[in-house]
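J.: Supplied in structure tokens, the structure appears directly below.
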Amino acid sequence: AAKREGKNTLLYFTRSMQEMAQVRMQLINDLRQALAGHQFEIMYQPIVEIESGLIRKAEALIRWQHPVRGTINPVEFISIAEDTGMITSFGNWIFHEAATQARIWRERFHPDFQISINISPVQFKNEGIDFINWMSHLQELQLPGNGLVVEITEGLLMEKSDHISQQLATFKNAGMEIALDDFGVGYSSLSYLQNFNFDYLKIDQSFIRNLSQSSDNQALCEAIIVMAHKLHLKVIAEGIETIRQREILVEATCDFGQGYLYSTPLPPAEFELILENNYALFNSGFLADIA
Ligand code: C2E
Ligand code: MG
Ligand code: MG
Ligand code: MG
């Protein structure tokens, strides 16, 4: 019986691995067509000045409207796009879309409004950022560089590389701001904060999640904020879901907040509605009461 079971187990694993490989192959094929077939859309999530409640920025987050599977979140396909090199085309597309949107919202709502885009380490490493093309797009739009924030993760900085520092410097020279995303998980090293000229530090949502239950988490957040401010970085807390979490972060002098408490990521038209509402409340002095 043991032998038969062993055989079945083997068969089971072989088959499921084969199935997984097939699913992946299918996704790769679908992904190739997705960009051409306009199946991607960008959702925008507000980034709020935590004390005033004013929406200052939006993070651009990609979604894939798969013709059969429906909405697919980025965790499912970004790594495939990275492995196949397709991330370069996505990255170019996202940059163009986000910059165009930033130009519109700056004009319509606030001249300092910014859109934040995530850039994969693979884009930096494989010459995936077409700086000449990106800069000329900004010029055509007449969008100053500081209309955009570039979000990178610590993984990018692990190996000390002049090539990556140069690319980050190119963004900075163009006026764009740089945020270190998901800070505190992964390969955190404080020397990154010294070696690179970041503008924002985004505290990972795992620290925010237990903020009101865990005094350790609270101590960590407070310490991160103090440290960041001493290094002249502004802090964005990710994943704020409750009023209590927000209160603790206000108390800790956090600068910006993002999370479901304010809004989930939204399609541009819906984002515009809450932006309109938010600015109207702010201008009439009501926002402070409900922030
Ligand atoms: P991220 O850059 O850290 O983005 C924040 C993620 O947290 C988003 O997930 C957002 O929907 C989610 N989130 C925001 N507020 C809350 C909250 O209050 N609670 C919870 N539980 N989650 C919240 P999403 O959109 O699924 O994106 C996941 C990751 O995929 C992003 O993490 C980013 O690393 C990557 N990604 C998304 N869009 C792009 C893109 O255009 N290009 C690249 N290269 N990566 C992207
Ligand atoms: Mg991000
Ligand atoms: Mg993050
Ligand atoms: Mg993340």
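J.: Would you kindly compute the Cα radius of gyration of region 168-291 and its largest Cα-Cα separation (Dmax), both in Å?
T.: When restricted to the Cα atoms of region 168-291, Rg and Dmax are 15.9, 44 Å.
J.: With a cap of 12 neighbouring Cβ atoms within 10 Å, and only residues DSSP puts in a loop, list the GluC sites (Glu not before Pro) found in region 33-136.
T.: Passing both the DSSP loop test and the Cβ count: Glu127.
J.: Can you give the angle from 0 to 90° between the axis of helix 215-230 and the longest principal axis of the chain, with both taken from C-alpha atoms, to the nearest 10?
T.: 60
J.: Please report how far the C-alpha centroid of region 85-140 lies from that of region 193-253, rounded to the nearest whole angstrom.
T.: Result: 26 Å between the Cα centres.
J.: Could you report the chain's accessible area per residue, 1.4 Å probe, as an integer in Å²?
T.: Dividing the accessible area of the chain by its residue count gives 52 Å².
J.: Students often get this wrong, so check it: of Lys125/Lys234; Lys202/Lys230; Lys160/Lys234; Lys125/Lys202; Lys57/Lys125; Lys57/Lys230, which have C-alpha atoms separated by over 18 Å?
T.: In this structure, Lys125/Lys234; Lys160/Lys234; Lys125/Lys202; Lys57/Lys125; Lys57/Lys230 lie more than 18 Å apart at Cα.
J.: Measuring from the lowest to the highest alpha carbon on each principal axis, how far does the chain reach, largest first, in angstroms?
T.: Principal extents (Cα only, largest first): 73, 50, 41 Å.
J.: I would also like to ask the following. Quick check: from the Cα gyration tensor, does region 233-291 come out rounded (a/c under 1.5), prolate or oblate?
T.: oblate
J.: If you don't mind, there's one more thing I want to ask. Any chance you could give the angle, 0 to 90 degrees and rounded to 10, that helix 2-36 forms with the longest Cα principal axis of the chain?
T.: 50
J.: For region 77-123, which whole-number percentage of the solvent-accessible area (1.4 Å probe, protein heavy atoms only) is attributable to carbon and sulfur atoms?
T.: 50
J.: Normalising by the residue count of the chain, find the relative contact order in percent from Cα pairs under 8 Å and 6+ residues apart.
T.: So the answer I get is 19 percent.
J.: Moving on to the next point. With the calculation restricted to Cα positions, what are the radius of gyration and Dmax of region 132-223 in angstrom?
T.: Just the Cα atoms of region 132-223 yield Rg and Dmax of 15.9, 50 Å.
J.: How much length is gained on full extension from Asn277 to Asp162, taking 0.36 nm per residue of separation minus their Cα-Cα distance?
T.: Here the answer is 36.9 nm.
J.: At a 1.4 Å probe, what is the % contribution of carbon and sulfur to the accessible area of region 220-275?
T.: The nonpolar share, carbon plus sulfur, comes to 60 percent.
J.: Between the DSSP loop rule and a limit of at most 13 other Cβ atoms within 10 Å, which chymotrypsin sites (Phe, Trp or Tyr not before Pro) in region 238-291 are left?
T.: When the chymotrypsin sites (Phe, Trp or Tyr not before Pro) of region 238-291 are filtered for loop state and at most 13 Cβ neighbours within 10 Å, Tyr260, Phe286 remain.
J.: If you fit an axis through the alpha-carbon atoms of helix 162-173 and take the longest principal axis of the Cα set of the chain, what angle between them do you get, 0 to 90°, nearest 10?
T.: Approximately 40 degrees, to the nearest 10.
J.: Report the percentage of all Cα-Cα pairs in region 59-163 whose separation exceeds 24 Å, rounded to a whole percent.
T.: Cα-Cα pairs in region 59-163 separated by more than 24 Å: 30 percent.
J.: Given 37 °C and 0.692 mPa s, how large is the Stokes-Einstein diffusion coefficient of region 130-183 in µm²/s, with Rh as the Kirkwood radius over Cα pairs?
T.: Answer from the Stokes-Einstein relation: 274 µm²/s.
J.: Considering only Ala98, Ala169, Ala21, give the residue with the highest GNM mean-square fluctuation for the chain, with springs between Cα atoms whenever their separation is below 10 Å.
T.: Ala21
The values are calculated or read from the model by the stated rules, or taken from the named source; none is laboratory data. Keep in mind that this is a model prediction, so the values were computed, not measured. Neighbour counts run over all protein chains shown; Cβ positions are idealised from the backbone, glycine included. Quick note on the areas: whole protein, heavy atoms, side chains included, nothing else; ligands and nucleic acids left out. Shrake-Rupley method; radii C 1.70, N 1.55, O 1.52, S 1.80 Å.
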